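Inspection log for the structure reproduced underneath, given as structure tokens.
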Amino acid sequence: MKHPRAVTLADVARAAGVAKSTASYAFSDPDRLAPQTTERVLAAAAQLGYQGPSALGRALASGRTHVVAVVTKALMLAPEEDPFALQIIDGLSRELHELGYGVLLLPPVVDEQAARLHAAAIYDGCVSVRRLSHLAETDEVLESRGVPWLKLDSGSDEYRAVSGQEDDATAVLLRHLVSLGHKRIVAVALPFEHDGDEPQLFEGPQVRELLDTLPQRVSAHVPRARLRGFVGAGVIPQKVAVASATTYEAGRAAGLQLLAGPDDERPTAVVCQADVYAWGVIDAARELGLRVPEDVSVTGFDGLTGGVFDQLELTTVVQDGVLKGRLVARWMVECIERGDDPPPNVMPLTVRYGKTSGLAPA
């Protein structure tokens, strides 16, 4: 079946008896034309069924697409693996829509098909959320686009867009644990780097050295800020397990590593930098025959609700993922339209005391 040829701007110009550039002005800048000329062009367009210049054509002419790309692996995973990332993407998409921007969801550059998608995509700005697969390849592509790019994952620079006192909130959690008599406290941290599938373990003098050299050792803002909470509370953790990814399985692996050992050496509290880690650590504790919180207290960070998190009733730092996505969207649009970084938006954090923290065992 032969499809009819699409009506073009040149067809409209010919029917109206004007130059193609004049016809273009009738749609893009009618004030440049006499009113009767604009009316003649629009009448010809209506008669021919021409809807106006294509979105791609307008974008090429103006240099703006009014589209923000969101590069993420979160949508390639089961929803329960990284619910906080999905909350951020939800808030980001809703706020961008309200601000008159579209959202283009893209995977990391994991194969040739994904590379072709990125090569064909046009957008005004980019937010990466959990793009942890093929970091180098994806980063090279995003860096080459020359548009504002905000990272909400490895090497996170979210502090440019969202300001939250994560160190203070972590310190509040730690003081709560100390008040309950806990002395053997360990941490499960967000990834510093992404080599290997096992947690990277710091213990003994390594922990003190890590805390003393945080700005040099930990380039990623989020895990650095949350570890800084230990310094603020005056607590030196026995061990720090740096997870390989932000998933339940990574938290469980860290929990099995941290909680193994004799009773008199085992930690009595595990401070996790994500609720999904706390979920994994709690299951690891149960596998090892430990009760939460009678034998070990576990805290999280994010304040997730729904499903398993309603059952766990975590003691955690609450940050609203949807609100965070909305604040990032506002910042990104302002960045695109200003041409430089606006000030960050303030993100409120609160501590919620649940059923996973209790008195330290005798």
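The values are calculated or read from the model by the stated rules, or taken from the named source; none is laboratory data. Since the structure is predicted, the reported quantities are computational estimates derived from the model, not experimental observations. Cβ sites come from the backbone with ideal geometry, for glycine too, and all protein chains shown count toward neighbours. In case anyone asks, the SASA skips ligands and DNA or RNA and just uses the protein heavy atoms, side chains included. Shrake-Rupley method; radii C 1.70, N 1.55, O 1.52, S 1.80 Å.
The figures follow:
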| read-out | value |
| --- | --- |
| Note, ³J(HN,Hα) from phi for segment 333-343, Karplus 6.51, -1.76, 1.60, rounded to Hz, x at Gly and Pro | 5, 5, 4, 4, 7, 7, x, 8, 6, x, x |
| Karplus 3J(HN,Hα) series, Hz, for segment 174-188 with 6.51 cos²θ - 1.76 cosθ + 1.60 (x for Gly, Pro) | 5, 5, 4, 5, 4, 5, 8, x, 7, 10, 8, 10, 10, 10, 10 |
| 15 Å beta-carbon shell around Asp264, net charge (K/R +1, D/E -1) | 0 |
| Neighbour cut-off at most 14 other Cβ (10 Å), DSSP loop, GluC sites (Glu not before Pro), segment 204-308 | Glu265, Glu294 |
| Neighbourhood net charge (11 Å Cβ-Cβ; Lys/Arg +1, Asp/Glu -1) for Ile122 | +1 |
| Neighbourhood net charge (14 Å Cβ-Cβ; Lys/Arg +1, Asp/Glu -1) for Arg352 | -4 |
| Förster radius 51 Å - calculated FRET efficiency between Asp263 and Arg64 (Cβ-Cβ, nearest 0.05) | 0.20 |
| Cα→Cβ-extended label distance, 7 Å offset, between Leu359 and Asp168, nm | 3.2 nm |
| Near-label residues of segment 223-260 by backbone N, under 11 Å of a point 7 Å along Cα→Cβ of Leu288 | 253-260 |
| Value of [θ]222 nm, deg cm²/dmol, for the chain, DSSP H segments ≥ 4, -39500 (n - 2.57) each, nearest 500 | -13500 deg cm²/dmol |
| Value of Rg/Rh across the chain [Cα atoms, Kirkwood radius] | 1.14 |
| For segment 125-217, accessible area per residue (1.4 Å probe, heavy atoms of protein chains only), Å² | 47 Å² |
| Computed over the chain: relative contact order in percent, which uses C-alpha pairs under 8 Å that are six or more apart | 17 percent |
| Sites Lys183 and Leu77 - FRET efficiency at Förster radius 25 Å, r taken between beta-carbons, to 0.05 | 0.10 |
| Lysine pair count for the chain [Cα-Cα under 22 Å; pairs on different chains or 8 or more apart] | 5 |
| Carbon plus sulfur fraction of accessible area for the chain, probe 1.4 Å, in percent | 51 percent |
| Spin-label pair Glu137/Arg14, simplified geometry with 7 Å Cα→Cβ offset, distance in nm | 4.6 nm |
| Amide H contacts of Trp149 (H built 1.01 Å from N, under 5 Å, at least 5 apart or other chain) | Cys126 |
| Beta bridge orientation in the chain: antiparallel %, DSSP, nearest 5 | 20 percent |
